Structures are given as structure tokens and as C-alpha cells.
Amino acid sequence: MQMAADLRNLLEKIDHRGYPAYKDTRGTYQFPQYMISIDHVQGDPFASPSKLSIHVKGTVAGFPRPLYASPCQRIALQDELTRQFGWQIHQFSFQAKGSGKSGILRVSPCGQEILERTACQMNPTTGDLLLRFEVGFPANGRTINAQELMKILFDFLPQCVEHSLYYRNLDARRLQSIADLAEDQQYIREQLPRLGLCAFVADGSILPRESGISSRPMKQGIPFVSPESMRVTLDLPHKGRISGMGIRKGITLIVGGGYHGKSTLLSALEMGVYSHIAGDGREYVITDHTAMKIRAEDGRSIYKTDISMFINDLPNGKDTHAFVTEDASGSTSQAANVVESLEADASLLLIDEDTSATNFMIRDELMQRVIHRDMEPITPFIDRIRELYETYGVSTIVVAGSSGSYFHVADSIIQMDRYIPRDITAYAKKEASAFPVRNEPVLPAPEPNFNRKPKASSEFRDPGRIKMKTLGRDGVMIQRETIDLRYVEQIADTEQVTALGYCILYAQKHLLNGQKTLRQIAQELDQLVDQKTLEVLCENPSHVSPMARPRKQEILACFNRYRTLLHRS
């Protein structure tokens, strides 16, 4: 290992040379209390910034073991340290001058959700810290400006590390409260199945967001108050007694007038599969971690998905036990999304009427009278919703604003009234009794077939030739194909999309052998990341991209939208 003085001497030596000479700096250098690793050097000052990492021994970082004793606490601490380091380097970004991206300093930006990331990793045994970030190596034109890089490495970064990665310089109370909150959130998540619940929304939660493009809480947002009949009280390990609305397993209907908060509540439940930072307003909104948001997705590709539970006897004779289309309709796409959620082991479905295919959700009585069952290939969701729960153990929360038919099948009915929930189950059931539903006979759903076994492509044998590009949260491009993820609505961060792309690449090389089902592949990837962290997905451990961990459900959703892959299954 080289010393910091060696790095300084090398920079002085290559100063004013051509930019490619920066490649000579790759390696690890010992600074007084930490190591800096220059893992990847950009090709020119206009390219993506260079990748660096800081390594701090646990004995130097000094974080007490109770702050990262459990996985949820460790992930929360890593998240906080990433934020602290980000705040520190922000004040120095572009303070070193030059052309192109010279002087940029950045680390993974963290949103309202607490996610496991490659940006910061703490060894659960030793407390050793690894923090990855990016630096734009300074240049004048394409000539090395080593003096400016020395400012970054020897002046700016030591201050950033000192104020963000050492326990002695951080707010001990704040860190303890973060660890306590993480443990309380995990406690609620573990209590849900024991209490027969699929979700919990604490009293006082602020569910509305600042705007359509901001996930921060709305100022002066109306605090959530549970209906008395649905109130559940929990004794958390740290916060103590907390009360809120418990949504029981089964079928829950959320109704109300427009702009009264129906979709706002559902959105909070969607993201309740993740923990949130203090001050978000949704810290104690906790949803079954397998929950999947279901919607119509016109135009998506479907390949050999068994949608016979909902669609059968198509006029063109198409096989719906292994349905194939390059351009799905609203109803077929929503049917596929439900079945694929079962394949991903989801035990809760979240559905908003506004983003659903009407003919998939319901057939009203008049339509049933005019168009008889033997002329309609679609078995609407309302006819399967009870069976999904009683046979498969899958609960459903449906937001409805115009159709009252779901009153008949719902176990609980919540009316949102100016963002305040009211339990109107008894009243709605009484009113619904005056409008009897004409029940057409429905045969039991066939057991879905989850036997798709994709094969790898020969072009993936050389991963160095594979190009991958993340397109924000909208999708990921692999070679020339874009995997459209716009409607996989529980993806919270663009770095999760990057991780999904690497899941595809890893599976192509190691898992796709024509013997394993998609379900098994997603399960293996999830377990692999659980055991070895996200960086295991990258072929080159010294060139790890910024990634955040997706759920198994999003992994399978990504595979299901990868057209080229499935057409080899």
C-alpha cells in the first residue's frame, strides 16, 4: 500500500501532462486516519467523474455497536452517514476549478426512503466503514491540473471525513434516535402479521406530499386520525405507546369524493414497504413488505404468462395459459400484473380505480344482462377478489370513486373526508343491500402456472461488451433494448433501477440456464444480495456503480418487462 505522500508526489509529477496520465493514480493510499482508494479514473474531464472510496477502520470511526446491532439499524446508520457526507462535500463541489466536470464532488443522493446502498457500507462485525463517491478530476482543457486535485484530496476531503464519518464529531442523540426509529419501524413491520394486519398508519402522520414532483411532506398538511373502530395501539421498543389505523387482512375499500385524499392514502401505503426518515410524516406508515401496486399498463410485452385466472376463451383462440403479446391491452396487462405479483409472492395488492382498466375491474348488472357470460372472455377482478384472499392469502386494498359494486365484497370500507378517514362499513353495507348484485356463476380459478424458464443469450458471455444505461426511474437500457419500468410504481430511487440492470446482467451470466424458473431466479438474486451485499452484482469489485437495493418484487417485475429475455424462455 502507498502513502498519502506518494500520491502527492505522483500528482506533482504528472501536473500539466495530458489527461490520460491521471490513470497512474489508481490505487489505495493511506492517509493519517483513513485510506483513499482511487478505483476508476475518467477518460477525460467531460466524461463521468472518477470513482473513489474512503475506508475507515471501525476503531477509528468509533460508532457504538448498539447503533448498528440489527440489519435495520445498520442500514439506517449507513443512510445517515451518506447524507452527512453529502452535506459536507456539497459545500466544496466545484470549488476546485477546471473544464468539464472538473471539481465536482458527489455521493448518492438520498430521498425520503431509507434504502440499502453501495454508497456506504458498514461491516456488521467490525464497524469498518466504506464510503463510495465521485470526483471530477480537474483539468485545463484536457491538461491535468494536479494542484486543484490536491486541494480536493488533501484539503477538502479530510474536512468532510472528519465531520461526517467519525462518531466523536456527530450528534450522538441524533444517531441514537435514528437507530431507535429504525428498530421501531421494524417492530411494527413484524407485528403486522401477528395482529392480522396488512398495513398500519399512525395517528399524526402527514400523508400529503409537497407537490407532484417532491416527496417531502406538505406544509400544514392535515394530520391523519384513525377511526375509533379501526384504531390499533402498539407499544414500540423506544417510542412507547403509539396508536393508528390498522388495516386488516382481507378486502379493504377506500372511497370518497374527488380531492379528499383517497389516492394520497394509497400512495402512502405503496411506499410504506420502505422505512422513511424522521420528519417525513410517514415514519410510522408501515405496509406489508411484499405489497404490490397493480395498474393497467397498455402496450407492455407479455410472454407466456398464465392469465387464465382472469381471461379465457378469446375469440381468436389465443392460449391464455401461456399468453403472448407485444402490445397488451389495459385488461390483459392488468391481469398479467396481478398474476406476476402472485408469482413474486405478494400478499397484498394495491389498486386505484383511476389507473385500472374498467372492464378488468367490473361488469355492471346492465352489461351482464346485455352481454352474456359466454360472450365475455374476461372474468373481472371483483369476481376473483374474494378467492384471491381465501385461497391464496392475498389481501387487496382498492381505491374507488365511481363504482359502488365493491361495497358488496369489501370487509372494511373507509371514506376519506377532507383527508380524515371514517369507517363507513356498516352504513355502506346497509345501503348496498338495496342494490343487489346479479351474480353470474364463476368457476374456481385455475392454479397459475409459474414455469417460465428463460435461457441466457450468447452475447452476454463477454460482459465487457454489454452496454447498460439507467434512464432515471423510467427504465434501463441493455444493449439496444429499453426495459420500461415507468409503471412499476414502487421503485423509489433511480439507483434501484441501476441495481435491476445489474440483476439482469448477473442472471444472464450465472443463473439463466433454462432449468430455473423466473420465480427461482428472483429469489436467488434477492438471497444473494442479502448475504453478500449489492456489490456482488458487479463483475469488477473495484468499479461498483451507485446502486440501491430493490425488492424481490421489483426484480421479477423487471424480468417480466425484458422482451428479449422472455422470448428465449
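None of the figures in this text is laboratory data; all of them are computed from the coordinates on show. Nothing here was measured: the structure is a model prediction, and the numbers come from that model. Quick reminder, even Gly has a Cβ in these numbers, built from the backbone with ideal geometry, and neighbours come from all protein chains shown.
Summary of computed values
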read-out	value
Reach of Lys151 by Cα under 30 Å, taken over lysines that are not fewer than 8 positions away in the same chain	Lys13, Lys23, Lys51, Lys57, Lys97, Lys101
Convex hull per residue volume in Å³, alpha carbons only, for the stretch 265-399	120
For the stretch 31-95 and the stretch 402-436, distance of Cα centres in Å	51
Fraction of alpha-carbon pairs over 27 Å apart in the stretch 1-155 - percent	26
Globularity index of the stretch 458-566, i.e. its alpha-carbon radius of gyration over 2.2 N^0.38 Å	0.96
Proximal lysines relative to Lys429, as straight alpha-carbon distance under 27 Å, when same-chain residues fewer than 8 apart are discounted	Lys249, Lys262, Lys293
Rh (Kirkwood; distinct C-alpha pairs) - the stretch 206-249, Å	12.4
Relative contact order [Cα under 8 Å, 6+ residues apart], the stretch 175-287, whole percent	34
Of the GluC sites (Glu not before Pro) in the stretch 322-358, those whose Cβ has at most 14 other Cβ within 10 Å and which sit in DSSP loop	Glu326
Cα-based radius of gyration of the chain once divided by 2.2 N^0.38 Å, which approximates compact folds	1.07
The chain: relative contact order as a whole-number percent, Cα under 8 Å and 6+ apart	12
Between the stretch 109-146 and the stretch 177-195, the Cα center-to-center distance that results, in Å	29
Using θ = phi - 60° and Karplus 6.51 cos²θ - 1.76 cosθ + 1.60, couplings along the stretch 57-70 (whole Hz; Gly, Pro as x)	4, x, 5, 7, 4, x, 6, x, 3, x, 6, 9, 5, 10
